[in-house]
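This is the structure, below, for whatever I ask next.
The values are calculated or read from the model by the stated rules, or taken from the named source; none is laboratory data. Not measured: the values here are computed from a predicted model. Don't worry about glycine lacking a Cβ; one is built from the backbone with ideal geometry, like all the others, and counts go over all protein chains shown. To get the accessible areas, we keep the full protein, side chains included, count just its heavy atoms, and leave off ligands, DNA and RNA. Shrake-Rupley method; radii C 1.70, N 1.55, O 1.52, S 1.80 Å.
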Amino acid sequence: MIKLNEEYSINSDQGTIVFAEGNKGTVNAEYEIQGNKGKGKINGTLQNNVLTGTFHVDAATGLIQFTFIENGFDAKWKQGIEPGPMKGKWTGSLNSQSESNQSINEKTSLSPEQLKWFEEETWDYEKVPKEWFESKQFMLADVTKYGRDLKYASDKLKDDKEIVLAAVTNVGNALEYASDKLKDDKEIVLAAVANVGNALEYASDKLKNDKEIVLVAVANYGRALEYASDKLKDDREVILAAVKKDGRTLSDASNNLKNNREIVLEAINNKPNSIEYASDELNADPEIVLTAMSQDAHALYYVRSEEILKELAENSSVAGTKINFKVRDLVSAVQRLFEKKLFDEDGDVKDEFETICNDWFDFNQIIYQNQTMDGDALLSIAQVQFNEYRPSSRDDVRDVKEYTRDLLIEAIELNDESLADILCYGLSPQEYVDYSDLAEKACELLWNKSEKSYADALMVIVTDEDEFELTAGISEEFAKKIIKEAREIDSGEEEDKENFENFVSEAGLD
């Protein structure tokens, strides 16, 4: 069972991690690993002692899964948020056994049955006598150790300041179960947000407008700003504190402060992608764009200025300053720009649809002609430009099907691993694009670039393991070739091998 708010060691003291209850049923964690520059953060959901989520550390993001066992865990992870085998491994163990049961014995005089319930940790609340939840002595011992158990307390005890204070000091979000009266108690709410910033969600409207409380909340968890009053979302000191903790909280600032240069610079210095939430004026400001992209080139994806995007397309610069970026991010930013132009506020297509599509096509041609195209960028243009947004009445645009196939062939010839992945799984066959004869080329490229494990084989040949469907466009003969090679190499986890053989058998590929 997972132990919240207690420290685990990772890989025999190579690092530490602490799990805490997050918002709306999630679990958060903060960890430190030798060799990383900063602290990492994890957010996920817990089900049957398995925590599945994402991690963020330094500039890296990835997938991670913990399986909790008695006083420890086994974890596996991978960089990148795309589905795939998790080959990174962690093992964890509690640094010290909780002394909470001992404290309960020393500080209370519970009945033997109650003490046994704490010691066994069965958590079968349906079998707990109703009178225990009405006993101040029992509930005080309970919420001191497990704050969220406040939800089982009687209404009278949910209005008891000593009990509620003990609960929110242990788990701030236990404030959700306090009486309305205590949700309006400044001491209680300060203790809650000091423990978990987003406990601000459960405070009274009056205290959501209390600057001292909100400052403590956002200093603890920047995104707690979401729950602050509109007045404090327009308070410069509050917003600065929030964006210094998490730049993307700029999204909850007032429009006035989204146009404040100092605040926007603080936000993007913390999280470059927070440029997405800057006002249109500052999103188009060369200094702001350069600051964001110099820290993370992917921030380009959130630039909305047509003028800046065109300068990047033509000569890879902003205000004359050369900058490195992924061409696919430029294509995606242009897509966001033109999709916004295509539709009105009600989501209806504008009358100028054809003209806008033509302008979009011309913009993509500027990118194609002036940038070094990688597979991702080529496929992005093929997927977007020649889908529902393709020009339909231009003499200078070749047949859509022919043009798209040429782009795909050019992408495959680049021998780019990521494009093969996208070609296999991201570009679904369209009625006007027949690329089935290219799919095997792309899948073979992906297979040859992989470690050729059982998991890799499934990734290449399978679209849906549950429905036993092969990747669109590949033949059974091609799939059997991959299956044979995977068996000869015999590489991967035993569980992966079992899944592989099960699929082969059920799909009739033996």
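Using only the heavy atoms of the protein chains and a 1.4 Å probe, how would His56, His298 rank by accessible area, largest first?
Reading off the accessible areas and sorting them downward yields His56, His298.
Taking a cut-off of 19 Å, what percent of all Cα-Cα pairs in the stretch 262-324 are separated by more than that?
18
Additional query: Per residue, how much accessible area does the chain show when a 1.4 Å probe rolls over the protein heavy atoms, in square angstrom?
Ligands and nucleic acids excluded, the figure is 50 Å² per residue.
Hey, another quick one. Over the chain, what percent of the accessible surface lies on carbon and sulfur atoms, probe 1.4 Å?
Carbon with sulfur: 43 percent of the solvent-accessible area.
Let me ask something additional. Quick one: helix 186-195 against the long Cα principal axis of the chain, what's the angle to the nearest 10°, folded into 0 to 90?
Its long axis makes an angle of about 50 degrees.
With a sphere of radius 12 Å drawn around the Cβ of Lys245, what net charge do the other residues whose Cβ falls strictly inside it have (Lys, Arg +1; Asp, Glu -1)?
Net charge in that neighbourhood comes out at +3.
Which lysines does Lys245 reach when only Cα atoms under 18 Å apart count, and residues fewer than 8 places away in its own chain are ignored?
Of all the lysines, those that pass the test against Lys245 - Cα under 18 Å, at least 8 places apart if same chain - are Lys37, Lys39, Lys41, Lys211, Lys233, Lys258, Lys271.
How much accessible surface area, in Å² rounded to 10, belongs to the heavy atoms of Phe353 with a 1.4 Å probe?
50
Same structure again: Once the dipole of the chain is set up with Lys and Arg at +1 and Asp and Glu at -1 on Cβ about the Cα centre, which of Gly473, His56, Leu140 lies farthest towards its positive end?
Farthest towards the positive end: Leu140.
Next up: How would Glu402, Glu307, Glu276 rank on accessible area, largest to smallest, probe 1.4 Å?
Heavy-atom accessible area, descending, gives Glu307, Glu402, Glu276.
Also: Relative contact order of the chain, please, whole-number percent, based on alpha carbon pairs below 8 angstrom and at least 6 residues apart.
For the chain, the relative contact order is 5 percent.
Something else about it: With a point put 7 Å past each Cα toward its Cβ, work out how far Asp234 is from Asp74 in nm, to one decimal.
5.6
For the stretch 138-275, just say rounded, prolate or oblate: build the C-alpha gyration tensor, square-root its eigenvalues into a ≥ b ≥ c, call rounded for a/c under 1.5, and beyond that prolate if a/b exceeds b/c, oblate if not.
Prolate shape, in that a/c is at least 1.5 and a/b is the bigger ratio.
Taking every pair of Cα atoms in the chain, average 1/r, invert it to obtain the Kirkwood radius, and report Rg/Rh to two decimals.
Reported Rg/Rh (Cα atoms, Kirkwood Rh): 1.04.
Where does the chain land at 222 nm, in deg cm²/dmol rounded to the nearest 500, when only DSSP H runs of n ≥ 4 count, each adding -39500 (n - 2.57), divided by all residues?
Roughly -13500 deg cm²/dmol at 222 nm, from the helical runs in the chain.
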